[in-house]
Structure formats: structure tokens, C-alpha cells
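Novice: Take a look at this one; I'll ask things after.
The values are calculated or read from the model by the stated rules, or taken from the named source; none is laboratory data. Please read these numbers as outputs of a predicted model, since none were measured by experiment. Neighbour counts are summed over all protein chains in view; Cβ atoms, including those assigned to glycine, are modelled from backbone coordinates with ideal geometry. Heavy atoms of the whole protein, side chains included, go into the accessibility calculation; ligands, DNA and RNA do not. Shrake-Rupley method; radii C 1.70, N 1.55, O 1.52, S 1.80 Å.
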Amino acid sequence: MLTIEQLGDIKGKRILVRVDFNVPLKDGQIRDDNRIIQALPTIKFLTSRGAKVVLLSHLGKIKHKDGPEAVMAQMKKNSLEPVAVRLKELLKTPVVFCPLTTGEEVDYFVRTLEDGETLLLENTRFEPGETKNDLELAQKWANNIDIFVMEAFGTAHRAHASTYGIPSILKQEGKKVAVGYLVEKEVNNLMRCVDVNPSDRPYIAILGGLKVSDKIKVIDKLLEKCDKILIGGAMAYTFQKALGKTVGISPVEDDQLAYAKACYEKAKGRIILPIDSVSTDAFMNWSKKITTKDANIPDEFEGMDIGPKTIALFQKEMKNAKMIFWNGPMGVFEQEDFALGTIAVCEAVNKLEDVFSVAGGGDSAAAVSEFGFMNSFSHVSTGGGAALTMIENEGLLPGLEILK
Ligand code: ADP
Ligand code: MG
């Protein structure tokens, strides 16, 4: 893959950079701007050499099947405008925001960019063709563009119009495609978790979070690579239920029970599950909070965090680790009462010396940053799904394969 430093003279060239500005938002405010900050070196490199930079990103989800009114509301919620404001503050060079995704006005904005200027277009997912890798849409974005740079590591596992269609078209046109600094850094760090060096053992994976069905598939592969897998977050309840424990009203993916059980048995003791939990009678506005004495959760209660015995167990398991790969918070860390498990993982990593530690996932990275542990990790990845897919696919991601 070509890097941006190998592009040669780029003065006056129109460079389309697919970035990952899919930042967590709360009430229109950016909760964590790490993904924007991580893209700055590449943008600065290109603009300082006189390139005309066009930025494309998605933000959140737009369900185009929901009908016009619902889609309008989703678009309003997922506009990149607050990102443009933050980007301007961070870059300190001119940033033009175009509140459209395609069309004559967009083309005009692109054609009239001056050397060294940056243009951010509106959310790629406003276009229904984006997630379908619609080539007509990709062609619209590829018009007037000289070079494509992939800098959206967090979405490199998806072959969408902006991540896959555009570079495939530009390549056919004989134009250059390259990777930015962030993608380079991500790939270098994550490959260490994929091709495991014997000196990096014991290698411990920690999984949590909410998107069980997205993540549960990776467990098979992780069992081949890691020495142990610690499971917390909502994912744990699918395992607990599969093993005959009571889970109350905790989130469980019933269609994954058989798989979870098979995984657990195959692991022969290498999957470590919580042995207690902090549980409540409701997710929001709860009135009763208990610490369970074991892995069972009583009726009418739901697990919100790993309990103190589990924290001690997980910290003990992490003590001798030489490599740690972590994806997914241990509990509902957004609520202070259920952040302790997630903080405990950060603290355990912070205490380890000579460990190569990677944390990944939008929410996990936000937690690491919010609790002040950014410097405790060797690498905080901007990608959750992308990092997991790298492990699943032995390092191959469609959005990077197309650049080769
Ligand atoms: P990441 O973005 O790091 O990949 P996910 O998106 O999969 O992680 O999961 C993050 C979410 O999981 C957080 O919003 C957190 O509140 C939620 N979560 C963690 N544990 C639980 C739990 N026990 N019950 C419900 N939600 C949980
Ligand atoms: Mg998430």
C-alpha cells in the first residue's frame, strides 16, 4: 500500500480523504473528539503541501427504510456540522463545510477549492447507496478527484461506496490511492495482536459491551490466538444463561445461546466469566441496586456491571499478561454507579509493566479517555468492529485490500 509520503508532488491536487468522524454525540455535543484528533496529522500533511482536501465521513446510522419523516429526524441528529466546527478549531486552517453530500453544488465546492483548503461534505450515510456500495454514487464522489486517501480505519471493515467504491473507480482511472498516518499506525499495532509473537504471551483478551452478535463470532478466532478471554459487559449474560445461570431481565441474545455454550466448552477453562454482578431493577431510574453473591441474577433484576469479586478475578488474570487486547466496556460506564468494572480494567493495565496493551471500540476508547487512562495503553484504536474483524480475518480488511 502506498503511504501519503510516497504520493510525490501533491500541490494543487484534489485529494479525497475518507476519514472516520463517527464520534459519539450527546445532545448535539461531541463526547469524545479523539477520532477527529487522530486524523489531523494526515490532513495537515496534505494541506501544508498545497493539496485541496475533500473530507468524507459517515456519522451514526440512517435507516432509509423508516420513511421520510423519521429519516429527516435521523439526519438532523447525525449531521456532521458540529464536527466541522470542532475540526476548524483544531486545524486552525480554513475548513469549508458543505451541508450536502452530492450534486452540482458539491461539485462546485470541490472545483473551486483553493490550494491548502479543506472541504468537509455532509454525512455519507445520508445517501441510501453508501452502505450498498452503489457505484453510481461512488462515481459522483470520484468526479474531479485526483487521489484517494483512506484514513477511516474504524470503517475499513465495510465495503461501502465511500470506502470501497471510490478507490476501485479511481484505480481503474489510473489514479493513485493511499493510506493515511492513522491507518498505518492502526494496522502496525493491531497486526501484533493478529500474528502473535511468543514473547507476547500470556496474551489476554477482554471482551464486553453491548453488541453481542457482532462480537461473539470473534471468540472462536480469539481462542486460537489468546491464552485467556475475560468476558464482561452485556455479552456475559448470554454465556451465563447458556450455562444454566439465572440472568433476570439482563440483555441476552437467545439465538446465540448454543454458540456461547459450544465456545465455552471448547475453551476448556480459558473463557473466564463474571462470578458476581452489580444489578438493578431497571436500566434507567432504577430504585434498587444490589451486588449479587454469585453469577446468578435474581428475577426482576438486570446486570449493569461486573461485581467486586469479578474485578479481583479479572485483575488477577491480567497480572502476568504480556499482551492485552480489550474491546467493550465491562458495564454501563456512562452511569457513574456502573463504571467501576471498566475503570478496574484500565487500572489493571496501568499497573502492568512491559505489556503491549490495545483498547478498541468507540465506547471503550471514550471510557479510556474519560477516566484518564489514554497514556496507560500502548495503543487506543479508533476502530472496534474493524479491530475485531482484523483478528477474525487474519489482518485483512476490504477497505484496505482495495488499496493494494
Ligand atoms: P464499543 O463501542 O467499545 O465496541 P459497544 O458499543 O459494543 O462497545 O458497547 C458499549 C455499550 O455497552 C455502552 O454503551 C455500555 O453502556 C453498554 N453496556 C456494557 N455493559 C452493559 C450491561 N451490562 N447492560 C447493558 N449495556 C451494557
Ligand atoms: Mg459502541
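Novice: Over the chain, with the other protein chains present, what is the accessible area per residue in square angstrom, probe 1.4 angstrom?
Specialist: Values: 17480 Å² over 404 residues.
So the chain comes to 43 Å² accessible per residue, rounded to a whole number.
Novice: Please tell me which of these pairs span more than 30 angstrom C-alpha to C-alpha: K13/K77; K228/K351; K52/K211; K211/K266; K211/K293?
Specialist: Correct reply: K13/K77; K52/K211.
Novice: Just to make sure I understand: if all protein chains stay in place, what is the order of I43, I343 by accessible area at 1.4 Å, largest first? All intermediate terms of the calculation are to be shown ahead of the outcome.
Specialist: Values: I43 0, I343 40 Å².
Descending accessible area places them as I343, I43.
Novice: Considering only DSSP states other than H, G, I, E and B, which GluC sites (Glu not before Pro) in the range 328-378 qualify as loop sites with at most 16 other Cβ atoms within 10 Å?
Specialist: Values: sites: E334, E336, E347, E353, E370; in loops: E334, E353.
Answer in residue order: E334, E353.
Novice: Dipole size in debye (nearest 20) for the chain around its Cα centre, Lys and Arg Cβ +1, Asp and Glu Cβ -1? Each step should come with its number before you reach the end.
Specialist: Values: 50 positive and 55 negative charges, 143 e Å.
Once rounded to the nearest 20, the dipole reads 680 debye.
Novice: In the range 186-276, which trypsin sites (Lys or Arg not before Pro) are in a loop and have at most 11 other Cβ atoms within 10 Å, using DSSP for the loop call? Numbers along the way, then the final one.
Specialist: Details: sites: R192, K211, K215, K217, K221, K225, K228, K241, K245, K261, K266, K268, R270; in loops: K211, K217, K245, K268, R270.
The qualifying sites are K268.
Novice: Can you tell me the equivalent ellipsoid semi-axes for the chain? Use √(5λ) from the Cα gyration tensor, largest first, whole Å. Could the numbers behind the result be given before it?
Specialist: Working: eigenvalues 312, 106, 72 Å².
Taking √(5λ) for each Cα gyration eigenvalue gives 40, 23, 19 Å.
Novice: Considering only C-alpha atoms, what is the centroid distance from the range 182-256 to the range 78-125, in Å?
Specialist: 37
Novice: Let me check the size of the range 141-246 from its C-alpha atoms; what are the radius of gyration and Dmax in Å?
Specialist: Answer for the range 141-246, Rg first and Dmax second: 19.0, 60 Å.
Novice: For the range 284-367, which trypsin sites (Lys or Arg not before Pro) are in a loop by DSSP, counting at most 14 other Cβ atoms within 10 Å?
Specialist: Numbers: sites: K288, K289, K293, K309, K316, K319, K322, K351; in loops: K288, K293, K319, K322.
Counting only loop positions with at most 14 other Cβ atoms within 10 Å, the trypsin sites (Lys or Arg not before Pro) in the range 284-367 are K288, K293, K319.
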